[in-house]
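Right, one structure below, let's go through it.
Bear in mind that the values in this text are calculations on the coordinates, not laboratory data. Keep in mind that this is a model prediction, so the values were computed, not measured. Using ideal geometry, Cβ is built from the backbone for each residue, glycine included, and neighbour counts are taken over all protein chains shown.
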Amino acid sequence: MIILVPIGFSAEHELERMRALLEARFSVRTYISPTDLDPRPFLEPKRHQYYSSAILEQLERDVPQEDAKVLGVCSLDLYIPILTFVFGEAQLNGRCAVISSYRLDNKFYGLPEDPEGLQERLYKEAIHELGHTFGLVHCQDQGCVMRSSTYMEEIDWKSNEFCPDCMARIAPLF
Ligand SMILES: [Zn+2]
Ligand SMILES: [Zn+2]
C-alpha cells in the first residue's frame with residue numbers, strides 16, 4: 001500500500017492524478033490520506049526552508065502501518081543541512097519519502113509557466129523517491145528515473161521509467 005500525505009498541498013486534482021498514476025505504476029493500492037501534515041514545525045527560520053529529514057520522521061510517526069509506503073507531497077522549499085536544497089528525500093529501503101513541487105516549477109526560475117512540465121517532473125520525483133523506499137539506489141543509466149538530478153533540466157532529460165536493471169531489482173517485490 002502507498003499512502004500520499006498532503007503537506008499543505010492544495011492542488012487536490014493533482015494529488016488524485018498522481019494517486020492513479022502511482023497505483024498503476026507500482027501495482028500497489030494507493031490512497032490519499034484524509035489528514036494533512038502541518039509543516040510549520042519543520043521550518044528553519046534562518047534558511048526559510050523546511051527540513052525534509054524531520055518531515056520524514058513525522059510521516060513515520062503519523063502513519064504507523066508497517067506495510068505502507070508513505071509519500072508526503074508539498075510545494076515547500078526543502079533542505080537537508082549539507083545541501084542548498086533537495087527536490088525530495090526518501091528513507092532507503094524504508095517507508096517514507098517526501099517530494100516538493102517548489103523547485104520543479106518554471107515560476108521558481110522566472111521562466112514561462114509550464115503546468116504539464118511541472119506535473120511530469122513531480123511524477124518523476126514521486127517514482128524516484130518511492131524507488132528509494134523500495135531499496136533502489138542511484139543509477140547511471142541516462143534515461144532511468146533513478147538517475148540522480150541536481151538541476152531541474154536533469155529531471156527533464158530522464159524518463160519516468162525504471163531501466164531494465166532497476167526494474168529487475170524491484171519486480172520481485174510486486
Ligand atoms: Zn535519489
Ligand atoms: Zn536504473
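Output the antiparallel fraction of DSSP beta bridges having both residues in region 49-174, as a percent to the nearest 5. Don't jump to the answer; show the numbers that get you there.
Numbers: 4 of 11 bridges.
Of the beta bridges lying entirely in region 49-174, close to 35 percent run antiparallel.
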Sorted by chain and then number, the residues having a modelled amide H within less than 5 Å of the amide H of GLU161, at least 5 places away or on another chain, are VAL145
Considering only region 69-121, what is the antiparallel percent among its DSSP beta bridges, to the nearest 5?
45
Sort by residue number and report every cysteine in the chain with no other cysteine beta carbon within a distance under 4.7 Å.
CYS74, CYS96, CYS166
Classified through the alpha carbon gyration tensor (a ≥ b ≥ c as square roots of its eigenvalues; rounded if a/c is under 1.5, else prolate when a/b is larger than b/c, else oblate), the chain comes out rounded
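Tell me the relative contact order for the chain as a rounded percent, counting alpha carbon contacts under 8 Å between residues six or more apart. Mind dumping the intermediate values first?
Values: 305 pairs, mean separation 30.1, N = 174.
Once normalised by length, the contact order is 17 percent.
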Using a cut-off of 13 Å between beta-carbons, work out the net charge of the residues near GLY143 (Lys and Arg +1, Asp and Glu -1, GLY143 not included).
-2
Can you tally the net charge around LEU111? Count Lys and Arg as +1, Asp and Glu as -1, for every other residue whose Cβ sits under 14 Å from the Cβ of LEU111.
-3
Remind me, relative contact order of region 1-101 in percent, using alpha carbon pairs under 8 angstrom and six or more residues apart?
30
Quick check on the chain: helices-only [θ] at 222 nm, where DSSP H runs of length 4 and up contribute -39,500 (n - 2.57) each and the sum goes over total residues. Nearest 500, please.
-10000 deg cm²/dmol
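Charges only on Cβ, +1 for Lys and Arg, -1 for Asp and Glu: so what's the dipole of the chain about the Cα centre, in debye to the nearest 20? Don't skip to the end; give the middle numbers.
On the way: 17 positive and 27 negative charges, 60 e Å.
The dipole magnitude comes to about 280 debye.
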So how strong a dipole does region 35-97 carry about its Cα centre when Lys and Arg Cβ are +1 and Asp and Glu Cβ are -1, to the nearest 20 debye?
220
